[in-house]
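Worksheet: one structure, shown below.
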Amino acid sequence: MIRINDNYLKLNASYLFSDIAQRVAAHQQRRPDPAVIRLGIGDVTRALPDACIVAFHQAVDEMAADGSFRGYGPEQGYDFLREAIAENDFKARGADIGADEIFVSDGAKCDTGNIQEIFDSGTRIAIPDPVYPVYLDTNVMAGRTGHYRNGRYDGIVYLDGNTDNGFIPDLPRQPVDLIYLCFPNNPTGAAITKDRLQIWVDYAATNKAIILYDAAYEAFIRDDTLPHSIYEIPGARQVAIEFRSFSKTAGFTGTRCAYTVVPKSLMAYTASGAAHSVHSLWRRRQCTKFNGVSYPVQRAAAAVYSDAGKGQVADLVADYMTNAALIRKAMQALGYPCIGGRNSPYIWVSTTADSWAFFDMLLEKTGVVCTPGAGFGTCGEGYIRISAFNSRENVTTALSRIRRTLKA
Ligand code: MLT
């Protein structure tokens with residue numbers, strides 16, 4: 001008799017954003033008017049930058065001729081993209097990362113979900129609450145947790161975020177081996193300073209732990225003093241893996257391109273204490289399970305680093321950040337304290353109400369979709385997340401509907 005992986009039965013029945021999509025579809029059937037405006041899942045709405053489109057087309061043309069056609073590419077990504085990344089995203093910010101430490105992939109979701117499999121099943125995991133659900137669910141699937149009780153899995157060390165710590169978690173009180181951090185944060189939009197990040201890097205170094213640093217939203221940082229990469233912090237090359245994505249930065253949610261940095265100096269240990277290169281383990285994993293991102297997509301991603309691409313990406317990001325400022329201002333004016341939205345496309349709104357009830361009320365009365373904070377963990381109860389990824393027109397319409405309803 002074939003047995004299932006019982007760990008899957010510990011999971012909530014459906015993934016947060018699938019659950020929301022189903023509720024929204026049911027609502028639309030019941031009430032087609034007014035049209036639904038989606039400020040829930042962080043999915044971009046604006047077209048790819050022109051520079052990316054031109055490069056994409058050219059690369060497709062290359063695939064149309066035998067002389068320039070490409071088959072399997074390198075699993076870690078083409079050098080032209082890895083070199084552009086190393087130069088622009090790291091060396092230009094004083095972070096010492098080489099092109100050969102970069103693994104191009106089809107998404108930060110896949111990489112942050114898959115990375116745990118190179119670590120031991122007994123690894124002690126620290127996960128923030130609230131959190132992007134992928135970090136948690138993939139460790140549940142891998143059997144690193146016990147059962148789900150009162151909104152939490154046994155066996156996970158939760159790092160609470162709240163108004164007292166500004167949703168920047170404090171160090172864990174018990175020993176942990178693997179720490180998930182995301183800044184600017186999804187879902188709260190909180191951003192970490194270099195000093196606070198240094199505390200985490202030092203903690204990891206002292207405890208021979210590894211930080212999995214999700215920096216998918218770094219392009220939205222407006223405050224020049226904040227770190228875009230954990231590798232701007234001294235010592236991070238010895239303790240951190242960083243995840244980046246072109247999804248939100250340059251509109252690649254549908255096109256798919258991201259990358260993960262695994263420094264060659266990063267070590268993890270066998271039971272007897274022998275050090276092993278994490279880079280070589282991840283490389284081994286990727287060579288076995290992944291065949292790379294398509295050539296035209298990598299050419300489109302590399303165009304992000306051209307002069308034209310940089311300007312167009314900056315415009316896209318600025319446009320979404322104008323939405324973020326409008327949302328933040330409107331919700332605060334209605335008496336709802338907010339964090340985020342300053343260095344992040346997400347606004348974390350304190351409603352003090354049951355967050356699924358608030359989600360349902362907003363959808364029913366205004367047709368606006370948000371994300372209930374409780375979907376990100378118990379510390380998200382009482383909050384909703386509003387995403388700035390939509391057109392100005394839709395955001396403005398959503399805010400006037402919200403004003404009319406919440407003022408009443
Ligand atoms: C979100 O809304 O949290 C993100 O879009 C999810 C993702 O990037 O997978």
- [ ] Please give the FRET efficiency for K264 paired with M63, using the beta carbon to beta carbon distance and R0 = 35 Å, rounded to the nearest 0.05.
- [x] 0.60
TODO: Using a Gaussian network model of the chain whose springs link C-alpha atoms within less than 10 Å, name the residue from N185, N150, N343 with the highest mean-square fluctuation.
DONE: N150
- [ ] Using only the alpha-carbon atoms of region 333-391, report the extent along each of the three principal axes, biggest first, to the nearest angstrom.
- [x] 28, 26, 22
Task: Spacing of the two label points (7 Å from each Cα toward its C-beta) at D19 and D79, in nm - done: 4.8 nm
Task: Most mobile listed residue (A271, A236, A250) in the chain, GNM with C-alpha springs under 10 Å - done: A271
Task: Burial ranking of peptide ranges 186-192, 129-135 (average Cβ count within 10 Å, highest at the top) - done: 186-192, 129-135
Open item on the list: Taking amide H atoms as placed 1.01 Å from N in the peptide plane, list the residues 5 or more away in sequence, or in a different chain, whose amide H sits under 5 Å from that of A240.
Closed with: I211
Task: P(r), alpha carbons of region 198-312 - 5 Å bins starting at zero, rounded % - done: 2, 10, 16, 19, 19, 15, 11, 6, 2, 0, 0
- [ ] Any chance you could run the full-extension gain for R3 through N88? It's 0.36 nm times the residue separation minus the Cα-Cα distance, nm to one decimal.
- [x] 25.8 nm
Open item on the list: Within region 266-287, list the residues whose amide N lies under 15 Å from a label point set 7 Å along Cα→Cβ of Q238.
Closed with: 266-269, 275-276
Open item on the list: With +1 on the Cβ of every Lys and Arg and -1 on the Cβ of every Asp and Glu, and nothing else charged, how large is the dipole of region 211-310 about its Cα centre, in debye rounded to the nearest 20?
Closed with: 540 debye
Task: Proxy reagent accessibility, fewest Cβ within 10 Å first, across R283, R237, R244 - done: R283, R237, R244
TODO: For the chain, give the magnitude of the charge dipole about the Cα centre (Cβ charges: +1 Lys/Arg, -1 Asp/Glu; no others), in debye to the nearest 20.
DONE: 980 debye
Open item on the list: Below 8 Å, C-alpha to C-alpha, sequence gap of six or more: please give me the relative contact order for region 359-405 in percent.
Closed with: 33 percent
TODO: Return the single residue from F220, F69, F376 with maximal mean-square fluctuation; model: Gaussian network over the chain, springs between Cα atoms under 10 Å.
DONE: F69
Open item on the list: Give me the percent relative contact order of the chain, please, defined on Cα pairs under 8 angstrom at least 6 residues apart.
Closed with: 24 percent
Open item on the list: Could you work out the percent of alpha carbon pairs in region 53-306 separated by over 28 Å, rounded to a whole number?
Closed with: 33 percent
Task: Vicinal HN-Hα couplings computed from phi for region 10-24 (Karplus, 6.51 cos²θ - 1.76 cosθ + 1.60; Hz; Gly/Pro x) - done: 7, 6, 4, 3, 9, 5, 3, 6, 6, 4, 5, 4, 5, 4, 5
- [ ] Report P(r) for region 1-144: all Cα-Cα distances, bin width 10 Å, range 0 to the bin holding the largest distance, values in whole percent.
- [x] 8, 21, 27, 26, 16, 1
Task: All Cα pairs of region 1-57, percent lying beyond 20 Å - done: 58 percent
Task: Shape parameters for region 165-214, alpha-carbon atoms, Rg then Dmax in Å - done: 10.6, 29
- [ ] Give the total of Lys-Lys pairs in the chain with Cα-Cα distances below 21 Å; include a pair only if its members are 8 or more places apart or on different chains.
- [x] 13
- [ ] Give the distance, in whole Å, between the Cα centre of region 88-123 and the Cα centre of region 1-72.
- [x] 22 Å
Open item on the list: Going 7 Å from the Cα of D354 along its beta-carbon direction, which residues of region 148-176 have the amide nitrogen within less than 20 Å of the resulting point?
Closed with: 149-152
Open item on the list: Can you give the log10 of the normalised intensity I(q)/I(0) at q = 0.14, 0.23, 0.24 Å⁻¹, computed with Debye over equal Cα scatterers of region 32-103?
Closed with: -0.74, -1.08, -1.10
Open item on the list: Run lengths n ≥ 4 of DSSP H only: what is the helix-derived mean residue ellipticity at 222 nm for the chain, with -39500 (n - 2.57) per run over all residues, to the nearest 500?
Closed with: -11000 deg cm²/dmol
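Values quoted throughout were computed directly from the atomic coordinates according to the rules given, and no laboratory measurement underlies them. Keep in mind the model is a prediction, meaning the values are calculated, not measured. Quick reminder, even Gly has a Cβ in these numbers, built from the backbone with ideal geometry, and neighbours come from all protein chains shown.
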